[in-house]
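Peer 1: Handing you a structure now.
The values are calculated or read from the model by the stated rules, or taken from the named source; none is laboratory data. Predicted model only: the values in this text are computed from it and were never measured. Virtual Cβ from ideal backbone geometry, glycine too; neighbours counted across all protein chains shown. Quick note on the areas: whole protein, heavy atoms, side chains included, nothing else; ligands and nucleic acids left out. Shrake-Rupley method; radii C 1.70, N 1.55, O 1.52, S 1.80 Å.
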Amino acid sequence: MKKILAFAGSNSSTSINHKLVEFVASQIKGHDIRVIDLTHYPIPMYSEDEEKNNGFPGMIMGLRQEISEVGALIISVNEHNGSWSAFFKNVIDWLSRIDRNFLENKKILLMSTSPGKRGAVSALGFAKEVLPRFGAEITDSFSFPSFYENFSVESNTVTDETLLLGLNEVLSTFAHQIE
């Protein structure tokens, strides 16, 4: 049994990426999965001056500790203007200042979603390229398009059968990779 930490790279209280993470976490059996909501992590904007004058924020130190205690992560990135959000970049900036290789030996299932047909695929591609710089091993990735057309928030289910099959295949690969 692996310990898995799951979260969305969004600071929106109504994050569809967080909803996707919660759904995916509920589908994985036989592992100890903890879903966290980064909206509960107040983090100042990174700057050298902020770090020098105030040190590392306690919430970032806590998040770094949580990451160090698991073998795998499930991360869903949101997209702002073709990249991941400034919020998530800020989280990564702080974590990488504590430890450049804060994702070393971590297997990651990387996802993205958006209301649009592209499913935040640009942010997903950016994350796939950047996170390995910090030691991450991206085991698989999945872009979930048109969230509101393909997911029922009320019943917490994927409503498009083809997407569900694709997601299940990715989850199976991820489960196999973290064994």
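Peer 1: Among the residues of the range 100-132, how many are open to solvent by less than 10 Å² (accessible area, probe 1.4 Å), outside any helix (DSSP H, G or I) and over 14 Å from GLY82 (Cα atoms)?
Peer 2: Of the residues in that region, 6 qualify.
Peer 1: Counting just the residues of the range 6-17 that are of a type outside the set (Gly, Ala, Ser) and surrounded by 23 or more Cβ atoms within 10 Å (Cβ to Cβ), which one comes out farthest from LEU164 (Cα to Cα)?
Peer 2: PHE7
Peer 1: Within the range 47-93, work out how many residues are open to solvent by 10 Å² or more (accessible area, probe 1.4 Å), in a loop (DSSP other than H, G, I, E, B) and under 21 Å from GLU22 (Cα atoms).
Peer 2: 4
Peer 1: What's the number of the condition ILE36 fails, among (1) open to solvent by less than 20 Å² (accessible area, probe 1.4 Å); (2) touching a residue at least 40 places away in the same chain (Cβ under 8 Å)?
Peer 2: Here ILE36 meets the rest and fails (2).
Peer 1: Still on this model: Anything in the range 18-30 that is open to solvent by less than 60 Å² (accessible area, probe 1.4 Å) and at pLDDT 95 or above? List them, or say none.
Peer 2: Looking only at the range 18-30, we keep the residues that are open to solvent by less than 60 Å² (accessible area, probe 1.4 Å), and these are 18-21, 23-26, 28, 30.
If the condition is that a residue be open to solvent by less than 60 Å² (accessible area, probe 1.4 Å) and at pLDDT 95 or above, then HIS18, LYS19, LEU20, VAL21, PHE23, VAL24, ALA25, SER26 are the ones that fit.
Peer 1: I've got another one for you. With the requirement that a residue be surrounded by 16 or more Cβ atoms within 10 Å (Cβ to Cβ) and part of a strand (DSSP E or B), what does the range 133-151 give you?
Peer 2: Result: ILE138, THR139, ASP140, SER141, PHE142, SER143, PHE144, PHE151.
Peer 1: From GLY62, GLY82, which residue is more than 17 Å from SER12 (Cα to Cα) and modelled with pLDDT under 95? Spell out the reasoning first.
Peer 2: Working: GLY62 fails: modelled with pLDDT under 95.
So the residue among GLY62, GLY82 that is more than 17 Å from SER12 (Cα to Cα) and modelled with pLDDT under 95 is GLY82.
Peer 1: Under 8 Å between Cβ atoms, at least 6 apart or on separate chains: pull out the pairs that start in the range 152-179 with a residue that is modelled with pLDDT under 95 and surrounded by 11 or more Cβ atoms within 10 Å (Cβ to Cβ) and end on any residue that is among the aliphatic types (A, V, I, L, M) and outside any loop (DSSP other than H, G, I, E, B).
Peer 2: From residues that are modelled with pLDDT under 95 and surrounded by 11 or more Cβ atoms within 10 Å (Cβ to Cβ), the pairs are ILE178/ILE4; ILE178/ALA72.
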